[in-house]
Amino acid sequence: MNQKSKILITGGAGFIGSHVVRLFVTKYPEYTIVNLDKLTYAGNLENLKDIEDKPNYKFVKGDITDAAFINELFSAEQFDGVIHLAAESHVDRSISNPLEFVQTNVIGTVNLLNAAKQTWGCNKDKPLPTDKRFYHVSTDEVYGSLGDEGLFTEETAYDPHSPYSASKAASDHFVRAYFDTYNLPCVISNCSNNYGPNHFPEKLIPLCINNIKNNKPLPIYGKGENVRDWLFVVDHARAIDVVFHNAANGTTYNIGGHNEWTNIDVIRLLCRIMDKKLGREEGENEKLITFVKDRAGHDLRYAIDSAKLQNELGWKPSLQFEEGLELTVDWYLSNEDWLNSVTSGDYKKYYEGLYQDR
Ligand SMILES: NC(=O)c1ccc[n+]([C@@H]2O[C@H](COP(=O)([O-])OP(=O)(O)OC[C@H]3O[C@@H](n4cnc5c(N)ncnc54)[C@H](O)[C@@H]3O)[C@@H](O)[C@H]2O)c1
């Protein structure tokens, strides 16, 4: 990227996107950062209150599934780079409405690829542009499920099991196809489960923080034996910065914390942290744990090998899980207004009419 680059970040009002927007707006004042978001239930501009007045930041409300709008936006703004995070991201929602995941995650991604290809004049007969970049942010869920042993590497064959992971896998394939077919300068990263501030409270950790606070049951799928590899969201944003600026075109990097936990152990740790924070007796919060019927197609274990990223580009996670979880609990306990507005949907009403809808 050159000094004056204009970068489009899609899904910047969501959980991970808001941390990526904040990092880029503050670390690179010379860039112009355009945040494109439809503001679905998962998008919330409150996440970006602290940087919304920065001169190098602009918000555009819009839908990546609207090809005509995306083409117009690219033609007007002439972006140099794209960091694409906008997606439908909740596995349970993908089970009840798979088509919405195809629309947003597959068609939406192809619309962005087409617009970038057109704007940058990409074509197999021409050299690949070296000052442009399309970065697709993906998930380790495309690799499927592991047994007790082994790790996902960048060479692991795709084997998605849920409509969510299938839609993300399809979008990854399209990105690689645009690199191979049209010389579009692309990179992809596949990251493990994120946690941290601004996580929508339908996901395991924020849901349980909210329920513990309100003395409500903590619903755990099956016996809580599913293993996930947790990474603090700011460490993911740091990795995206490193990959965006340093990876070679056509490459893929896995991002993860080498931090495997069964769901039940995560929740027990959370209960212990919150016993102390809320001044409750040791073991009191654990009594809220309730096992519920397992999710269909629930992958048993995800664990990511991020050695390539660490060895080639020098990134590593900055926080231990216990530290990051404590920071996360502190953030939720001191941001009750955010949590209450998100759970009540009030923020949607607040923003209605403020921005031109598309
Ligand atoms: N959360 C994780 O643990 C995790 C891990 C690895 C990869 N990822 C990937 O990172 C990305 C971001 O995940 P997240 O957890 O922040 O998701 P999120 O659901 O919190 O945010 C998604 C954002 O995309 C926006 N969006 C949805 N549909 C849109 C559309 N049609 N047009 C424009 N904007 C739209 C939403 O309004 C929201 O702001 C996704 O691509 C996801 O697959 C997530």
Would you check if L36 is near the ligand (Cβ under 8 Å from one of its atoms) and aliphatic (A, V, I, L, M)? yes
Go through (1) of a type outside the set (V, I, T); (2) out of contact with any Leu (no Cβ under 7 Å at 6 or more places or on another chain); (3) closer than 30 Å to D125 by Cα for Y178 and report which single condition fails. (2)
Within the range 194-289, considering only strands (runs of 3 or more DSSP E) that don't extend past its boundaries, which have at least 1 residues that are surrounded by 20 or more Cβ atoms within 10 Å (Cβ to Cβ)? 218-221, 227-232, 251-255
Which pairs do you get when a residue that is within 8 Å of the ligand (Cβ to nearest atom), found in the range 177-201, comes within reach of a residue that is assigned to a loop (DSSP other than H, G, I, E, B), reach meaning Cβ atoms under 6 angstrom, with the pair 6+ apart or on two chains? S192/G256; F200/A42
Only one of E100, E154 that is in a helix (DSSP H, G or I) and surrounded by 15 or more Cβ atoms within 10 Å (Cβ to Cβ): E100
When you scan the range 89-141, how many residues do you find that are within 14 Å of the ligand (Cβ to nearest atom), touching a helix residue (DSSP H, G or I) at 6+ places or on another chain (Cβ under 6 Å) and under 26 Å from V292 (Cβ atoms)? 5
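All of the numbers you see were taken from the coordinates with simple rules; none came from a lab. Since we're looking at a predicted model, the values are computed, not measured. In this analysis, Cβ positions are derived from the backbone assuming ideal geometry, glycine residues included, and neighbour counts consider all displayed protein chains.
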